[in-house]
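Written below as structure tokens is the structure these notes are about.
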Amino acid sequence: MTLPKQDTDRIRVLQGLENSSASTRLRAALAVGTTPDPRFIEGLVERCAIEPDFHVREMLTWALTRHPPSMTVPELLHAVRSEHAQARSQALHTLSKIGDRQAWPAITRELLTDADDEVARTAWRAAVVLVPEGEEPGLAAVLSTQLGRGERETQRSLSRALIALGEATVPALHAAMTDPGPHVRQHAIATERLLRDPDAGFECVIEEAKRAVALGGTGAQEG
């Protein structure tokens, strides 16, 4: 039995997304985004969860953003609850690109404090895009619990997220400056200084914050 052309096209594209060649997968994702078709949404989300190539993942995300949010967001919300870290991370990344604030309830404290650094970092970025007006202080309070976490790049990501919340983040930062943990205090001081002076380099303010903590200060500036 001969399959209808639309079914053969769908099979061809899905096979392209699974091809061993990254360039072939990239072209398949580009094709789906160029000519959006709701039948591919589930396959795109599933591929995001396992795709090893960064550039292909970005193209998959782009292809998803080309489809109606009413169709993509439900699939992505299911993916953020996956047990697989890459599925969670890429779904969060795609939600941040779509920017539909109906997805906000899915940005849970559990995701914002995820044990996987990449998932947590992606959740922070998505949160500051999707947070409804008036809920910034609450988000800042949760994000501040992660101050001092991880390596330098993770700390830089968290600082960027907190700074994106503007003045709403100041109370949480000032509270963290009195935390018993020196790394938390250092990170809070550095983030507050970047909030006041966006042109200051992260490495520079971290070193200054280390000195301030060593001298027993907080480095807090009056607003």
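The values are calculated or read from the model by the stated rules, or taken from the named source; none is laboratory data. The shown structure was predicted, so the numbers you read here are calculated from the model rather than taken from an experiment. Counting neighbours? That spans all protein chains shown, and the Cβs are built from the backbone with ideal geometry, glycine included.
So which residues in segment 60-77 are touching a residue at least 24 places away in the same chain (Cβ under 8 Å) and either surrounded by fewer than 21 Cβ atoms within 10 Å (Cβ to Cβ) or more than 24 Å from Ser23 (Cα to Cα) (or both)? Working first, answer last.
Filtering segment 60-77 down to residues touching a residue at least 24 places away in the same chain (Cβ under 8 Å) leaves 60-69, 71-73, 75-77.
Those that are touching a residue at least 24 places away in the same chain (Cβ under 8 Å) and either surrounded by fewer than 21 Cβ atoms within 10 Å (Cβ to Cβ) or more than 24 Å from Ser23 (Cα to Cα) (or both): Trp62, Thr65, Arg66, His67, Pro68, Pro69, Met71, Thr72, Val73, Glu75, Leu76, Leu77.
Of all residues in segment 163-182, those being part of a helix (DSSP H, G or I) and either surrounded by fewer than 16 Cβ atoms within 10 Å (Cβ to Cβ) or not assigned by TED's automatic domain parsing to the domain that holds Gly150 (or both) number 5.
Quick grid of which residues meet (1) outside any loop (DSSP other than H, G, I, E, B); (2) under 13 Å from the mean Cα position of the chain (by Cα):
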site: Ser23; (1), (2): yes, no
site: Gly33; (1), (2): yes, no
site: Pro52; (1), (2): no, no
site: Ala63; (1), (2): yes, no
site: Leu77; (1), (2): yes, no
site: Glu83; (1), (2): no, no
site: Ala87; (1), (2): yes, yes
site: Thr94; (1), (2): yes, yes
site: Asp114; (1), (2): no, yes
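Residue pairs whose Cβ atoms lie under 6 Å apart, separated by 6 or more positions or on different chains, with the first residue in segment 20-32 and under 18 Å from Leu64 (Cβ atoms) and the second outside any helix (DSSP H, G or I), are Arg25/Asn19. In summary, Val80 fulfils each of the numbered conditions (1) farther than 21 Å from Arg10 by Cα; (2) exposed (fewer than 15 other Cβ atoms within 10 Å of the Cβ); (3) of a type in the set (Val, Ile, Thr) with the single exception of condition (2).
When you look at Ala209, is it free of Cβ contacts under 8 Å to residues at least 40 places away in the same chain, part of a helix (DSSP H, G or I), touching a His at 6+ places or on another chain (Cβ under 9 Å) and outside the structural domain of His84 (by TED's automatic domain parsing), yes or no? Yes, satisfied. Filter segment 183-212 down to residues that are of a type in the set (Gly, Ala, Ser) and closer than 15 Å to Arg156 by Cβ and give me whichever is surrounded by the most Cβ atoms within 10 Å (Cβ to Cβ). The qualifying residue surrounded by the most Cβ atoms within 10 Å (Cβ to Cβ) is Ala188. Cβ-Cβ distances below 6 Å connect the following pairs, each with a first residue in segment 80-94 that is under 9 Å from Leu111 (Cα atoms), a second residue that is polar (S, T, N, Q), and a separation of six or more residues or different chains: Arg88/Ser82. Might you let me know whether segment 40-47 holds any residue that is more than 23 Å from the chain's Cα centre (by Cα), crowded, with 17+ Cβ neighbours inside 10 Å, modelled with pLDDT of 95 or more and part of a helix (DSSP H, G or I)? No.
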